[in-house]
Amino acid sequence: MIASTASVGEDHRNRPRVDPLAALRTPEDPPWDVYLTGTVFLDIIFTGLDSAPVRGTESWARGMGSSPGGVANMAAALARLGLRTSLAAAFGDDHYGEYCWDTLEQGEGIDLAPSRTVPGWHSPVTVSMAYEGERTMISHGHEPPPEEPAPDCPPRARAAIASLTPGRRAPWIAQAAGKGARIFGDVGWDDTGAWDLAALPDLEHCEAFLPNAEEAMRYTRTDCPRAAAHALTDHVPLAVVTLGAEGAYAVDRRTGETAEVPAIAVEALDPTGAGDVFVAGFVTSTLAGWPLADRLAFAGLTAALSVQEFGGSLSAPGWSEIGAWWRRVQSVAEQDPTALRRYGFLADLAPEEADQPWPLRRAVPTIGFGRSV
C-alpha cells in the first residue's frame, strides 16, 4: 500500500490542461465527452470542529467554505480531469443559484447549455459539518415546479453518468445510449428496502455499474463483495464494487478479466464527494482505454486525494495535484516498490511541475468574495 503523506490542492481556473483523450480525438467526435444530470445543491461546509454538535449548545467551527454540491461534485471532478463535461440541472434564481452557475460555468468550464434557471425557485442547500474524518449533513430543498421540465433530449456525448433510482425509469438514459453514449450507472441507498435489481430498469442500458460493497451485496443477496461483483455481471457487462478502506474490485464479463487494487493510505479529513470522484476517475480512464487495473488504481487515487480536503466539488483533484502526489510518493524513503509500480502509468501522464511547493493548497471560496490564497 502506498502511503501518502500530505494533501494537495490548486486553483482550478489556472490549472494546466491535460487531455487524457488527446490521442483518441477525431473531427467526428461528439461535442462532449460526458453528460450528466441531477440536482445541484449549494454546499456550506463547516470545518475544524472538534466533535459533533451537542444539543442545547453552540459550536464554533474554525473554518467554513461554500461550493456547488450534489451532481456538481461529479461534474467538477470530470472537468478537472480534462473531460469536456455537459451538465443539465435546475438552478434557482436566487444568489445561491447564481453563485453555483457562475462557479461551474466560469470556474470549472462546464457546459450548462442544457441547464436552466427556474424563476421563483430557491436553490437546494446542504450544510455539512466535518469532524473526526466523517461528516454530518442537513439538507433542504424542493423539486422544481412541474412547468419547468428537464431537457427532453441529452446532447451527444461519448459517455453519460446515470444515478439509478429504484422503481423509476429515466427516458434520457435510453436516449443517450441510442446516440452511442456509454452509460455508467451508480446507485444510492434503497430506502424501500427491496434491493431488487429488477427495480433498476435502466441497468439494461449500462456498460458499467459502480455500487459500494454494501449495496452490491444487498442487491445480489451475497455475503461477499467480490462474489457480488461476479453476480452483477449477469446484468451488466462491467461491475465495479468499491470496498472502502480495502480499495476496489472489478469484473469485466466481456473479457473475463478481474482486477483488485488496494486503497491508498491517507488521513481522511472529509469523505464528502469521494464516491463521485472515484466514478469520475474511472470514467475518465475507461474512455482513455486504460487496462482495468490501472482504471481502478486511478479512480482510487483521485478519491484518496479528494478526502484530504474539505468539501465535495472543492476537493476534486486536477492533474497538477495528481502530478504533485506522484512526485512526492517517489521521494518518500522506504516506499514499497511494488506499490509504486502499480501507479507507474502516471509517469507519462502527470505534468512536470517540479518547481511547485509541497503541499499545494487550494483556496476555499465563500459567497460574496473571490478566491484568495
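Relative to the current alpha-carbon distance between LYS179 and ASP152, full extension at 0.36 nm per residue lengthens the span by 8.3 nm. With a Förster radius of 30 Å applied to the C-beta separation of SER51 and ASP93, the computed FRET efficiency comes to 0.20.
When the chain is treated as a GNM with alpha-carbon contacts under 10 Å, the residue of ASP252, ASP294, ASP196 showing the greatest mean-square fluctuation is ASP196.
Multiplying each eigenvalue of the alpha-carbon gyration tensor of the chain by 5 and taking the square root yields semi-axes of 27, 27, 22 Å, largest first, rounded to whole angstroms. Here the range 62-187 carries DSSP beta bridges of which approximately 40% are antiparallel, counting only pairs with both residues inside. What FRET efficiency comes out for ALA265 versus GLU132 if R0 is 25 angstrom and r is the Cβ-Cβ distance? Round to the nearest 0.05. Calculated transfer efficiency: 0.90.
Taking every DSSP bridge with both residues inside the chain, close to 45 percent are antiparallel. Note that the range 44-149 presents 48 Å² accessible area per residue, ligands and nucleic acids not counted, probe 1.4 Å. Taking the 1.4 Å solvent-accessible surface of the chain as the whole, the part contributed by carbon and sulfur is 52%.
GNM remark for the chain: springs join alpha carbons under 10 Å apart, and the peak mean-square fluctuation among GLY56, GLY256, GLY318 falls on GLY56.
Applying 1/(1 + (r/R0)^6) with R0 = 25 Å to the Cβ-Cβ distance of GLU58 and SER139, what FRET efficiency is obtained, to the nearest 0.05?
Approximately 0.70, to the nearest 0.05.
Spin-label model, THR165/THR258: points 7 Å from Cα along the beta carbon direction are separated by 3.6 nm.
In the elastic network of the chain, a GNM with C-alpha springs shorter than 10 Å, the most mobile of TRP60, TRP101, TRP172 is TRP60.
Length gained on full extension, THR338 to ARG221, computed as 0.36 nm times the residue gap minus the Cα-Cα distance: 38.6 nm.
The values are calculated or read from the model by the stated rules, or taken from the named source; none is laboratory data. Remember, predicted model here, so these are calculated numbers, not experimental data. A quick note on method: Cβ atoms are made from the backbone with ideal geometry, for glycine too, and the neighbour counts reach across all protein chains shown. These accessible areas exclude ligands, DNA and RNA; they are computed on the full protein's heavy atoms, side chains included. Shrake-Rupley method; radii C 1.70, N 1.55, O 1.52, S 1.80 Å.
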